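The values are calculated or read from the model by the stated rules, or taken from the named source; none is laboratory data. Predicted model only: the values in this text are computed from it and were never measured. Neighbour counts are summed over all protein chains in view; Cβ atoms, including those assigned to glycine, are modelled from backbone coordinates with ideal geometry. For the accessible areas, the whole protein counts, side chains as well, though only heavy atoms, and no ligand, DNA or RNA atoms are used. Shrake-Rupley method; radii C 1.70, N 1.55, O 1.52, S 1.80 Å.
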Amino acid sequence: MKINALVAHDATKPLSSSQIALRPLQQQDVKIEILYCGVCHSDLHMARNEWAVSRYPLVPGHEIVGRVVETGTDVTNFKAGDVVGVGVMVDSCRECHFCQQKEEQYCESGFVATYNGIDKYTGDSTWGGYAQNVVVDQHFVVSVPQTLPLAGVAPLLCAGVTVWSPLRHFNVKAGDKVGVVGLGGLGHMAVKLASAMGAEVTLFTTSPAKGEDALRLGAKRVVVSRDAQQMAAAQTSLDFIVDCVSAPHDLDPYLATLKTNGRLVLVGIPEQPHQSPNVTPMVNRRLSISGSSIGSIQETQEMLDFCGKHNITADIELIAGEEIETAFARMLKGEVKYRFVIDMQATHW
């Protein structure tokens, strides 16, 4: 069937309203009416082909919240009317070591991305959430707690689980001293989630003006990373750091703030590599640098359930679909606190 969507037709043109064809409903599929879709920075990268992997036409969007309107004959997890979410992936091989241990984001064949992936049924590109509907295999659909405002849930499907996954995988617990680098879409969720876990959160920022917001979101301390005195005062004080910055930067000042056995986890991917860190303090204090990619379906559900219990959503600004190019421009300037979300009901197709 044909539906309306915001489509990128090539890297140089703005997104425009066009019609696309959804794949026919398979036995395991859920058809979802999209209510809200978050605007992730990767959507802009893909729309403009900045990673040189975009295939056009392209419909961005992988922070999807909606309502089930139809299910395939073998669907047992969901029924019409359920409020659900879809994140960054919509399929994987299901057979490799990582899929078998419920870590589909590390699928050895590569997971199928929610958009710009290859649909195994049609051979065409997968379509994302800047649209009226989406069809997804039930395994890659999650339940959304009924207690939360739905618009604020949408960014949890990418920004939320991307920081939740390393916090959980590396067993961050109450009383741990946790640093968060950068207060953007990812960073503000890391502050909220880590503090709700009972950790004592330090926010590192280059912008002193963000300090008040960080404290409101749950941070106990704010360190301006360009202030050598403040960075010196934070040395060897932290157990764990989530680095959410996607621009190249020097990791050594942050490694210096870790205690012995401390770990720095990178979730932002810079366009150019970070400079190599100084090995000596890593050896002398048994420090580790790790990376982490989004999160599994199981982790996404756990994160949503946790957010439901703790009343956590993203800080958002609602827009209509026709405002997407303005939102992209503001996002590039950092003029959003902290995620744009498209309201499909307010969008004029």
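Looking at (1) out of contact with any helix residue (DSSP H, G or I) (no Cβ under 9 Å at 6 or more places or on another chain); (2) over 29 Å from residue 4 (Cβ atoms), which one does residue 151 not meet, given that it meets all the others?
All conditions pass for residue 151, except number (2).
What number of residues in region 120-129 are touching an Asp or Glu at 6+ places or on another chain (Cβ under 8 Å) and surrounded by fewer than 22 Cβ atoms within 10 Å (Cβ to Cβ)? Write out each step before concluding.
Residues of region 120-129 that are touching an Asp or Glu at 6+ places or on another chain (Cβ under 8 Å), as a first pass: 120, 125-126, 128-129.
Checking which are surrounded by fewer than 22 Cβ atoms within 10 Å (Cβ to Cβ) leaves us with 120, 125.
The qualifying residues number 2.
Conditions (1) closer than 26 Å to residue 156 by Cα; (2) in contact with a Pro (Cβ under 6 Å, 6 or more places away or on another chain), marked per residue:
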| position | (1), (2) |
| --- | --- |
| 9 | no, yes |
| 12 | no, no |
| 15 | yes, no |
| 24 | no, no |
| 37 | yes, no |
| 40 | yes, no |
| 47 | yes, yes |
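Give me the residue from region 9-23 that is of a type outside the set (A, V, I, L, M) and in contact (Cβ under 8 Å) with a residue 60 or more places away in the chain and, out of that set, nearest to residue 116 (Cα to Cα). Spell out the reasoning first.
In the first step, residues of region 9-23 are kept if they are of a type outside the set (A, V, I, L, M); the result is 9-10, 12-14, 16-19, 23.
From the residues that got through so far, the ones that are in contact (Cβ under 8 Å) with a residue 60 or more places away in the chain too are 14, 17, 23.
Details: 14: 17, 17: 18, 23: 14 Å.
Looking at residues that are of a type outside the set (A, V, I, L, M) and in contact (Cβ under 8 Å) with a residue 60 or more places away in the chain, I get 23.
Here is a check on your reading of the model: is residue 339 in contact with a Ser or Thr (Cβ under 6 Å, 6 or more places away or on another chain) and crowded, with 18+ Cβ neighbours inside 10 Å?
It is false that residue 339 is in contact with a Ser or Thr (Cβ under 6 Å, 6 or more places away or on another chain) and crowded, with 18+ Cβ neighbours inside 10 Å.
Regarding residue 152, is this residue at pLDDT 95 or above, in a helix (DSSP H, G or I) and more than 19 Å from residue 249 (Cβ to Cβ)?
yes
Would region 104-122 turn up any residue that is over 28 Å from residue 223 (Cα atoms), of a type in the set (S, T, N, Q), assigned to a loop (DSSP other than H, G, I, E, B) and under 19 Å from the mean Cα position of the chain (by Cα)? Outline the logic, then answer.
Applying the first criterion (over 28 Å from residue 223 (Cα atoms)) to region 104-122 yields 104-122.
Checking the rest, the ones that are also of a type in the set (S, T, N, Q) come to 105, 109, 114, 116, 122.
Subset that is assigned to a loop (DSSP other than H, G, I, E, B): 109, 114, 116, 122.
In the following step, the residues that additionally are under 19 Å from the mean Cα position of the chain (by Cα) were identified as 114, 116.
For region 104-122, residues over 28 Å from residue 223 (Cα atoms), of a type in the set (S, T, N, Q), assigned to a loop (DSSP other than H, G, I, E, B) and under 19 Å from the mean Cα position of the chain (by Cα): present.
Starting from residues that are of a type in the set (S, T, N, Q) and either assigned to a loop (DSSP other than H, G, I, E, B) or open to solvent by 40 Å² or more (accessible area, probe 1.4 Å) (or both), keep the ones in region 1-23 and report whichever is nearest to residue 134 (Cα to Cα).
Per the stated criteria, the residue is 19.
Taking region 289-313 only, how many residues are open to solvent by 50 Å² or more (accessible area, probe 1.4 Å) and in contact with a Phe, Trp or Tyr (Cβ under 8 Å, 6 or more places away or on another chain)?
Restricting attention to region 289-313, the residues satisfying the condition of being open to solvent by 50 Å² or more (accessible area, probe 1.4 Å) are 289, 291, 298, 302, 305, 309-311.
Imposing the further condition that a residue be in contact with a Phe, Trp or Tyr (Cβ under 8 Å, 6 or more places away or on another chain) reduces the set to 302.
So the answer is 1.
Hey, could you check region 24-35 for residues that are closer than 27 Å to residue 162 by Cβ and open to solvent by 50 Å² or more (accessible area, probe 1.4 Å) and say which is farthest from the chain's Cα centre (by Cα)?
Among them, the one singled out is 28.
Please go through (1) open to solvent by 60 Å² or more (accessible area, probe 1.4 Å); (2) assigned to a loop (DSSP other than H, G, I, E, B); (3) modelled with pLDDT of 95 or more for residue 93 and return the number of the only condition it doesn't satisfy.
(1)
Of everything in region 36-76 that's among the polar types (S, T, N, Q) and surrounded by fewer than 15 Cβ atoms within 10 Å (Cβ to Cβ), which residue is farthest from residue 148 (Cα to Cα)? First the steps, then the outcome.
Quick first cut of region 36-76, residues among the polar types (S, T, N, Q) only: 42, 49, 54, 71, 73, 76.
From what is left, the residues that are surrounded by fewer than 15 Cβ atoms within 10 Å (Cβ to Cβ) are 73, 76.
Details: 73: 30, 76: 24 Å.
The residue in question is 73.
Looking only at region 226-234, decide whether some residue is under 19 Å from residue 186 (Cβ atoms) and either basic (Lys, Arg) or surrounded by fewer than 13 Cβ atoms within 10 Å (Cβ to Cβ) (or both).
no
From (1) touching a Pro at 6+ places or on another chain (Cβ under 7 Å); (2) within 19 Å of residue 87 (Cα to Cα); (3) not basic (Lys, Arg), pick out the condition that doesn't hold for residue 143.
(1)
Here's a check for you: in region 155-177, which residue that is of a type in the set (Lys, Arg) and not in a helix (DSSP H, G or I) is nearest to residue 304 (Cα to Cα)?
So in region 155-177, the residues of a type in the set (Lys, Arg) come out as 168, 173, 177.
Adding the requirement that they be not in a helix (DSSP H, G or I) leaves 173, 177.
Numbers: 173: 18, 177: 23 Å.
Within region 155-177, the match that is nearest to residue 304 (Cα to Cα) is 173.
I'm trying to understand the selection: among the residues of region 179-204, which are open to solvent by 10 Å² or more (accessible area, probe 1.4 Å) and assigned to a strand (DSSP E or B)?
Answer for region 179-204, where residues must be open to solvent by 10 Å² or more (accessible area, probe 1.4 Å) and assigned to a strand (DSSP E or B): just 200.
Which residue, of 163, 201, 178, is at pLDDT 95 or above and under 23 Å from residue 317 (Cβ atoms)?
That would be 163, the only listed residue that is at pLDDT 95 or above and under 23 Å from residue 317 (Cβ atoms).
Looking at region 246-349, what helices (runs of 4 or more DSSP H) fall wholly within it and have at least 2 residues that are in contact with a Lys or Arg (Cβ under 7 Å, 6 or more places away or on another chain)?
Counting at least 2 such residues, we get 297-310.
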